Amino acid sequence: LEKIGRHIPLPIPVPDWSKPIIIALLLLAVWFGIRSRLAALRARRLERQRATLLRDVGAMQAALVPKVPARLGGLAVSVAYRPAEGPAAGGDFYDLFVPGPGKVAMMLGDVAGHGHEALTHAALTRYTLRAYLQAGLEPRAALALAGRVLVDPLGERFATVAVGVYDTLSSKLTYALAGHPPPILRGFQAHEPLTVCSSPPIGWGMPTGHRQTTVSLPAGAAACFFSDGLIEAR
């Protein structure tokens, strides 16, 4: 070290044997500094990518759980949605629209799983059912057709769905369920929903949409559709 140090000019008075050690330590410090700088740049880039991804996922989730007007087709309507695991984590979806004169259609569903795959499947299920209802299919027929079309070969991607159509002229609500809990009905004589041999979810590859229920909703009555995530929430 002393022989090498004689050939290393340093502006500070230090023993020759320590000069190679000092140079090695300086090079090591520079190397660690460069690595730290690169790591910081990479961390900032990943944070920007994460923020962009969250915005994209949030925008997609907002398309599945949109804001609804205070009144639709003569009905007072409202929704409440809160993800169980972080922003836009779930595969929940709902929709409220007017498929034709004197009709108000509603749907509420929950796709198994979380993340972008669940969101993609939720969007596919929502818009497929919306198209069938806009074409004039009854809730039971819409679920039955969607059950044949949206089959997951692995059986891992399935959705529980509740679909209903309200007729403003007769004040009757007709709904059908696919692995989904029945709505809560208030404001008139208690209705006991039939849940024996309930239709399976969409995506299992099993026939669904076996039956539908029609109830009269007099003035002041309310129908509350809810996700099974409400039951599972702690």
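The values are calculated or read from the model by the stated rules, or taken from the named source; none is laboratory data. Worth saying up front: this structure is predicted, and the values here are computed from it rather than measured. Virtual Cβ from ideal backbone geometry, glycine too; neighbours counted across all protein chains shown. In case anyone asks, the SASA skips ligands and DNA or RNA and just uses the protein heavy atoms, side chains included. Shrake-Rupley method; radii C 1.70, N 1.55, O 1.52, S 1.80 Å.
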Counting Lys and Arg as +1 and Asp and Glu as -1 over every other residue whose Cβ sits under 11 Å from the Cβ of residue 160, the net charge comes to -3
When all protein chains stay in place, what accessible area (Å², nearest 10, 1.4 Å probe) is found for residue 185? 30 Å²
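So between residue 131 and residue 43, what do we pick up on full extension, going 0.36 nm a residue minus the alpha carbon distance?
Contour length minus Cα-Cα distance gives 27.3 nm.
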For a quick check of understanding: with a 1.4 angstrom probe and all protein chains in place, what accessible area in square angstrom does residue 157 have, to the nearest ten? 50 Å²
As a check on your grasp of the helix formula, calculate [θ] at 222 nm for the chain: sum -39500 (n - 2.57) over DSSP H runs of n ≥ 4, divide by the residue count, round to the nearest 500. -12500 deg cm²/dmol
Only Lys, Arg (+1) and Asp, Glu (-1) charged, at Cβ; the chain dipole about Cα centre in debye: 920 debye
Quick one: 3J(HN,Hα) in Hz for region 136-141, Karplus 6.51/-1.76/1.60 with θ = phi - 60°, rounded, Gly and Pro as x. x, 6, 6, x, 4, 5
Dipole moment magnitude, nearest 20 debye, region 114-234 about Cα centre, only Lys, Arg, Asp, Glu C-beta charged: 200 debye
For residue 35, solvent-accessible area (1.4 Å; no DNA, RNA or ligand), Å²: 140 Å²
At 1.4 Å probe size, put 175, 127 in order of accessible surface, largest to smallest. 127, 175
Relative contact order, percent, the chain [alpha-carbon distance under 8 Å, six or more residues apart]: 15 percent
How would 47, 156 rank on accessible area, largest to smallest, probe 1.4 Å? 156, 47
How far apart, in nm, are the 7 Å Cα→Cβ label points at residue 222 and residue 24? 7.7 nm
Can you spot the lysines whose alpha carbon is less than 21 Å from residue 19's alpha carbon? Ignore those fewer than 8 places along the same chain. 3
Accessible area, 1.4 Å probe, largest first: how do 126, 186 sort? 186, 126
Stretchable slack from residue 192 to residue 117, in nm (0.36 nm times residue separation minus alpha-carbon distance): 23.4 nm
May I ask you to derive the relative contact order of region 109-234, considering only C-alpha pairs under 8 Å and at least 6 residues apart, and to give it as an integer percent? 29 percent
